[in-house]
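The values are calculated or read from the model by the stated rules, or taken from the named source; none is laboratory data. Computed from a predicted structure; not experimentally measured. Cβ placement follows ideal geometry from the backbone for every residue including glycine, while neighbour counts extend to all protein chains displayed.
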């Protein structure tokens with residue numbers, strides 16, 4: 001019996017429909033990962049062209065959300081899946097929402113990058129550049145592994161993505177402290193400082209979306225609903 | 001072998017009698033985990049270590065399933081898995097066939113009657129357990145006489161009482177409004193779906209405790225099927241229902257509990273919602289998702 005959950009149906013057309021659905025979700029994931037890393041690069045390098053690239057591709061992310069969600073919807077209507085197949089269809093549908101929101105956060109960061117490129121003061125961004133880069137590495141890493149765990153049906157990898165979210169939260173808190181110190185020392189750049197906080201918060205939210213995607217991969221594999229549950233290593237609230 | 005273990009697991013998970021004080025009827029707690037509500041129900045029929053033989057062939061192998069009272073229990077599985085054989089044990093249909101043998105017990109509660117016990121009269125069993133077949137099989141009589149037949153066999157002669165009971169049964173099978181003006185017409189003039197509901201009314205007229213359905217909609221169109229399914233859902237208010245179906249979506253729609261059988265063994269038994277969203281056994285998942293064959 002094949003271990004891949006989209007294969008092995010007597011009706012091969014159903015195998016194909018599930019494979020396509022997953023493939024399209026993974027493709028959408030790839031685009032969003034690139035949106036995140038490009039947006040942060042645009043911000044750190046104050047590059048208007050890179051920022052524009054992200055903004056121009058935003059509509060593609062939205063189109064993919066609608067298309068993949070529609071595909072999942074039609075698969076449910078036409079094939080009436082049950083058990084693991086049903087979990088796959090509903091989970092992919094939820095994932096598209098997470099990916100689209102991650103794309104939205106990238107768009108906001110890109111807009112901020114565009115303003116930086118057109119002459120806004122860069123002090124606050126430079127003050128937390130190390131954090132921005134590290135958080136971008138963490139979030140794109142989490143997103144990449146979350147999407148990979150879907151592609152490979154690897155719930156162990158998905159579980160590890162969940163566990164990494166706390167590292168991102170800690171990094172965000174440290175960056176925030178740094179910016180607060182800066183704001184107290186020099187209040188001239190308060191507006192840019194607030195925008196920088198939003199950029200950091202956006203990256204932290206993208207990490208949450210990656211975690212949510214990973215939770216859906218666990219749901220597909222085992223039926224366990226991990227939403228709103230602490231991962232191993234996280235302190236209880 | 002996985003199925004043998006599955007059978008034991010299913011029995012252990014499902015059959016957990018906890019007698020209430022002052023009541024002889026066992027209770028059963030079915031399907032408990034951290035996300036689902038605990039449901040404790042009366043057991044209408046306790047199937048315990050049931051095996052059945054056609055000559056030397058063992059068609060059912062040590063089945064243990066609690067049939068919850070006034071709930072719909074569906075039996076699913078590939079052709080030849082024994083689900084119809086299992087259903088027919090309940091009203092002793094196999095007795096009509098030579099060289100067959102039962103082992104184990106099916107205890108009907110609350111009076112603890114072993115339906116397959118050697119001293120139990122199959123006619124008495126069939127009075128208490130009705131059956132509806134795949135193909136509607138009304139008698140070549142009027143609509144009224146079809147429903148009144150079982151009552152007459154029981155000695156009911158009073159015409160007013162017969163009329164009252166026939167109406168009640170026809171209302172119970174959601175057919176009354178369609179046939180009330182042609183009760184004396186031949187039952188054979190009804191549509192397939194109406195005939196099937198007439199057969200249900202005929203079974204209901206003798207107030208059975210359990211109603212068995214053997215693929216009751218496989219010969220019907222989608223609208224007639226929907227009417228029968230709706231009827232089965234409402235019947236659970238008055239009778240315990242056991243249904244064999246090849247239609248997975250139908251089992252999911254109408255049943256409270258679902259048993260998956262394979263090669264005469266019980267693989268998994270649980271709430272229908274659990275079976276169709278996250279079955280515990282891989283064999284169940286493979287079957288319901290269409291990965292067999």
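Points worth noting:
This table checks each residue for (1) in a helix (DSSP H, G or I); (2) modelled with pLDDT under 95; (3) in contact with a strand residue (DSSP E or B) (Cβ under 8 Å, 6 or more places away or on another chain).
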site: B:137; (1), (2), (3): no, yes, no
site: B:144; (1), (2), (3): yes, no, no
site: B:150; (1), (2), (3): yes, yes, no
site: B:171; (1), (2), (3): yes, yes, no
site: B:181; (1), (2), (3): no, no, no
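- Of the residues making up region B:70-112, those that are under 13 Å from the mean Cα position of the chain (by Cα) and in a helix (DSSP H, G or I) are B:83, B:84, B:85, B:86, B:87, B:88, B:89, B:90.
- Condition check for residue A:19: more than 14 Å from chain B (Cβ to nearest Cβ), out of contact with any helix residue (DSSP H, G or I) (no Cβ under 7 Å at 6 or more places or on another chain), over 27 Å from residue A:178 (Cα atoms) and in contact (Cβ under 8 Å) with a residue 12 or more places away in the chain: yes
- Some residue of region A:89-99 being within 14 Å of another protein chain (Cβ to nearest Cβ), without any contact (Cβ under 8 Å) to a residue 40 or more places away in the chain and more than 21 Å from residue A:132 (Cα to Cα): yes
- Taking the conditions (1) within 11 Å of chain A (Cβ to nearest Cβ); (2) out of contact with any strand residue (DSSP E or B) (no Cβ under 8 Å at 6 or more places or on another chain); (3) assigned to a helix (DSSP H, G or I) in turn, residue B:291 satisfies each one other than (3).
- Within region A:97-107, if we keep just the residues that are under 15 Å from residue A:59 (Cβ atoms) and over 9 Å from the mean Cα position of the chain (by Cα), the residue that is surrounded by the most Cβ atoms within 10 Å (Cβ to Cβ) turns out to be A:106.
- So residue B:196, is it within 14 Å of chain A (Cβ to nearest Cβ) and modelled with pLDDT of 90 or more: no
- Conditions (1) within 14 Å of chain B (Cβ to nearest Cβ); (2) under 15 Å from the mean Cα position of the chain (by Cα): number failed by residue A:9: (2)
- Selection of region A:78-87 for residues being assigned to a helix (DSSP H, G or I) and at the interface with another protein chain (Cβ under 10 Å from one of its Cβ atoms) yields A:79, A:83, A:84, A:85, A:86, A:87.
- Residue list for region B:199-244, restricted to those being assigned to a helix (DSSP H, G or I), touching a helix residue (DSSP H, G or I) at 6+ places or on another chain (Cβ under 8 Å) and farther than 20 Å from residue B:162 by Cα: B:223, B:224, B:225, B:227, B:228, B:229, B:231, B:232, B:233, B:235
- Condition met for residue B:164 (surrounded by 15 or more Cβ atoms within 10 Å (Cβ to Cβ) and farther than 30 Å from residue B:103 by Cα): no
- Failed item in (1) touching a strand residue (DSSP E or B) at 6+ places or on another chain (Cβ under 6 Å); (2) closer than 27 Å to residue B:57 by Cβ, with residue B:257 passing the rest: (2)
- If you filter region B:247-265 down to residues that are over 16 Å from the mean Cα position of the chain (by Cα) and more than 8 Å from chain A (Cβ to nearest Cβ), you find that the one that is nearest to residue A:6 (Cα to Cα) is B:262.
- Matching entry among B:239, B:244 (being under 24 Å from residue A:81 (Cβ atoms) and away from chain A (no Cβ under 14 Å)): B:244
- Residues of region A:61-77 that are touching a helix residue (DSSP H, G or I) at 6+ places or on another chain (Cβ under 8 Å) and either within 14 Å of chain B (Cβ to nearest Cβ) or under 15 Å from residue A:212 (Cβ atoms) (or both): A:65, A:75, A:76.
- Hey, residue A:171 in a helix (DSSP H, G or I) and under 25 Å from residue A:26 (Cα atoms) or not: no
- Condition met for residue A:168 (more than 14 Å from chain B (Cβ to nearest Cβ), surrounded by 15 or more Cβ atoms within 10 Å (Cβ to Cβ), within 19 Å of the chain's Cα centre (by Cα) and modelled with pLDDT under 95): yes
- Meets criteria (more than 15 Å from the chain's Cα centre (by Cα), on the phi < 0 side of the Ramachandran plot, within 14 Å of chain A (Cβ to nearest Cβ) and not in a helix (DSSP H, G or I)) for residue B:280: yes
- Restricting A:25, A:67, A:39, A:110 to those that are in contact (Cβ under 8 Å) with a residue 24 or more places away in the chain, in a helix (DSSP H, G or I) and surrounded by fewer than 21 Cβ atoms within 10 Å (Cβ to Cβ) reduces the list to A:67.
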